[in-house]
Structures are given as C-alpha cells and as structure tokens.
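Encoded as structure tokens, the structure appears first; notes follow it.
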Ligand code: COA
C-alpha cells in the first residue's frame, strides 16, 4: 500500500474527492498509488453516498505521470496491473468526474483528463504527453481521445513531438472548461461538483452515458491495444535508455 498520505480521499455531501499528495515527487504515480486510485473509483461506482467525483492535485503540481523509478522496478506486465485497473475504473466510471489541474500534468496526468467530464485549470497548468520521448506510445486511450479533443494536427504535435501546451492553449482547444488562478482551482472544481451533486442522479448518469455512447466501446478497445504495445515497449532498449537517463538527470541518446 502507498503511504496513506500519498492519496487522500474523503466524501462530503455527495462529492468524493481524491487528492494526489506526493508533492516532493511532483505527484509521480507509483503502482501502489494507482491501486489506491483504482480502489477509490471502484468504491465510488457502487457507493450510494457518492454522486460526483473530484480529482485534484496541489496548486503547484497536478501529476508528473508514471513514477519512472517504480516503472523500472515493477513494470505493468498484465491487464491486472494497478495502472490498467485504474484506467479501466476511470474510463468506465458512470458518475460525473470533475478535475482540477494546476502546474505540470504529464503523461497520464494529461491523458486521464480526457476521461473527466469537467476540467478546470490553474493558469500555471501545463500539459504534456511525452510518450515518444520515453520510447513508449500513447496510453489511456489518448491516441483516440486526443485527436477528438484537440484535432488531429495538434494531437500529432503533442503526441509525436511530445511538446507541452499551456492552460491557455488547452482552453482554446477545448481540453479544459475554464482557467482560473492556481489557488482557486480546487475550490472552483469543488463548487462545480456541488452543483452537479444537487441534480437528479438518474439524469446525470443517463446524460453521461449518452455523451459517451458513440465512443465507449472504441475507447475500451483502444486502451487495451495501447496497453499491450506500451507494456512491450517498456521492455525495449529505447524506454530503458530514456528512463535511465531521467534517473541519471541526463539527456537520452536513442541512436
Ligand atoms: N517519476 C519519478 N520521479 C519523478 C517524476 C517521475 N515521473 N517526476 C518528477 N520526479 C521527481 C524528480 O526525480 C525529483 O526527485 P528528487 O528531488 O529526488 O531529485 C522530484 O520529483 C522533483 O522533480 P523535478 O524534476 O526536480 O521538478 P521540476 O519542477 O523541475 O519539474 C516536471 C517537474 C514534472 C516537469 C518534471 O519532474 C518532469 O518532467 N518529470 C518527468 C515527467 C515524465 O516524463 N513522466 C512520465 C510520463 S509516462
């Protein structure tokens, strides 16, 4: 299990809030943290006390994505790995999810947002999907969802070059709903979640189902297809070089 404080959760007035709280490592996500996040979403799916979920980080950082050291030590090799269990739980979650993002949102820190219903960003937010730079490929359905959300031309830039984009760009592309100050973002997400929590649950559930209906099956298929490639590529020399270079604080050398 992760130290209890790495993933904080609480439920209040119909809203369940998950806070990534490993600030000293920029909220890099370990297998143990993914397991806690998967458990949280699985519990929230069936817990009648929960009508809406909020996912948030800290005003200085949302998440640096997969913990690279942890990934080297225990790479996710099967569909039961915590990261894939988390992605399944999030991507099939039936209740509304609100995200509050400030500071860096890297890798799965960005791709998880494509599965959230409302995304609010601090003006310090920056997003990146540097999978290619790590010798990997897109995950979390992002090869399908990023082009849908951003348009293919911008998704190609973000996914092939791994170039980051700002909160302002994310707003303009429709990847986030609104930009506020970093210290306001968690509070604003909570207030939007409270508005949702006051609405009739059956209408929320059916509306979310209908919003996702066209995509739902394709998303699950794409997540599985990406996961198989991602797991294979993790074992290959390019990823090993990229991850080792990150740990050694140097640039990778691929050719
Ligand atoms: N995995 C493991 N450790 C990570 C990490 C990650 N993904 N991201 C950050 N850390 C650690 C750093 O190694 C550093 O640890 P140290 O203090 O023991 O040296 C600490 O978190 C602080 O990170 P640092 O890079 O100094 O912070 P920053 O503010 O300069 O930059 C980021 C923040 C998120 C932009 C930068 O850390 C980064 O690019 N991280 C890697 C992101 C990534 O490639 N994720 C994988 C996607 S699949």
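Here are a few things to note about the model shown:
- Considering the range 212-233, the residues that are within 19 Å of the chain's Cα centre (by Cα) and either more than 19 Å from residue 114 (Cβ to Cβ) or not in a helix (DSSP H, G or I) (or both) include one that is nearest to the ligand (Cβ to nearest atom), namely 231.
- In the range 121-140, residue surrounded by the fewest Cβ atoms within 10 Å (Cβ to Cβ) [restricted to those that are touching a helix residue (DSSP H, G or I) at 6+ places or on another chain (Cβ under 6 Å) and over 22 Å from residue 243 (Cα atoms)]: 123
- Conditions (1) part of a strand (DSSP E or B); (2) under 16 Å from the mean Cα position of the chain (by Cα); number of the one not met by residue 33: (1)
- Residues that are more than 14 Å from the ligand (Cβ to nearest atom), part of a loop (DSSP other than H, G, I, E, B) and more than 22 Å from residue 215 (Cβ to Cβ) do not occur anywhere in the range 53-75.
- Enumeration of residues in the range 234-255 that are within 11 Å of the ligand (Cβ to nearest atom) and either buried (at least 19 other Cβ atoms within 10 Å of the Cβ) or within 28 Å of residue 91 (Cα to Cα) (or both): 234, 239, 242, 243
- Residue match in the range 197-215 (condition: under 24 Å from residue 75 (Cα atoms) and surrounded by 13 or more Cβ atoms within 10 Å (Cβ to Cβ)): no
- Evaluation of residue 41 against the conditions (1) under 14 Å from the mean Cα position of the chain (by Cα); (2) touching a residue at least 60 places away in the same chain (Cβ under 8 Å); (3) away from the ligand (no atom under 13 Å from the Cβ) shows that the sole unmet condition is (2).
- Residues located in the range 90-120, provided they are within 16 Å of the ligand (Cβ to nearest atom), in a loop (DSSP other than H, G, I, E, B) and without any contact (Cβ under 8 Å) to a residue 60 or more places away in the chain: 107
Readers should treat all values here as calculations from the given coordinates under stated rules, not as data from a laboratory. Remember, it's a predicted structure, so these values are computed and weren't measured experimentally. We place every Cβ from the backbone using ideal geometry, glycine too, and count neighbours over all the protein chains shown.
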